[in-house]
Amino acid sequence: MTAPLDVKVEEKLYQNRYQVDASRVHIKVMPHDVPSPALRALLTACPARCYQLNDRGQVEITADGCVECGTCRVIAEPSGAIEWSYPRGGYGVLFKFG
Ligand code: SF4
């Protein structure tokens, strides 16, 4: 069966399942007062919308819905703005439902 061409990203993301590792966050945003351009770019670049601004104007991440695409790793890890690693085995996104 082929997927219809007009499926929205949000609908595809909803098909995924996640095994959240509460004892080990696999992406961290480094402490900052004002977000760098690289951090600000993550607000729109992450397809799963994991990055948000908090009420102090700082970028935060909720990595529970991360699809491990690596986009934020390419944009912000080289400058040291984030730390990125894959989830431990058995944790993270499960794509077999999408
Ligand atoms: Fe978002 Fe992809 Fe980074 Fe996960 S790896 S937080 S989905 S940009």
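Could you tell me the relative contact order of the chain? Use alpha-carbon pairs under 8 Å, at least six residues apart, and round to a whole percent. Mind dumping the intermediate values first?
Details: 128 pairs, mean separation 40.9, N = 98.
It comes to 42 percent, rounded to a whole number.
Only counting other Cβ atoms within 10 Å, I'd like Arg17, Arg40 sorted with the fewest neighbours first.
The fewest-first ordering by Cβ neighbours comes to Arg17, Arg40.
What does the C-alpha gyration tensor say about the overall shape of region 1-67? Classify as rounded when a/c is under 1.5, otherwise prolate if a/b is larger than b/c, or oblate.
Values: a/c = 3.37, a/b = 1.67, b/c = 2.01.
Note, shape of region 1-67 comes out oblate.
For the chain, with the dipole built from +1 on Lys and Arg beta-carbon atoms and -1 on Asp and Glu ones, taken about the Cα centre, which of Ser36, Ala81, Phe95 lies farthest toward the positive end?
The one lying farthest along the dipole's positive direction is Phe95.
What ranking do Ile75, Ile82 get, fewest neighbouring Cβ atoms within 10 angstrom at the top?
Neighbour counts put them in this order, fewest first: Ile75, Ile82.
Give me the net charge of Gly92's neighbourhood, meaning all other residues with Cβ under 11 Å from the Cβ of Gly92; Lys, Arg count +1, Asp, Glu -1.
Summing Lys and Arg as +1 and Asp and Glu as -1 gives 0.
Please get the size of the charge dipole for the chain, origin at its Cα centre, with Cβ charges of +1 on Lys and Arg and -1 on Asp and Glu, quoted in debye to the nearest 20.
200
Taken together, the values in this text are just the output of simple stated rules run on the coordinates, not laboratory data. Note that the structure is a prediction, hence the values are computed from the model and not measured. Virtual Cβ from ideal backbone geometry, glycine too; neighbours counted across all protein chains shown.
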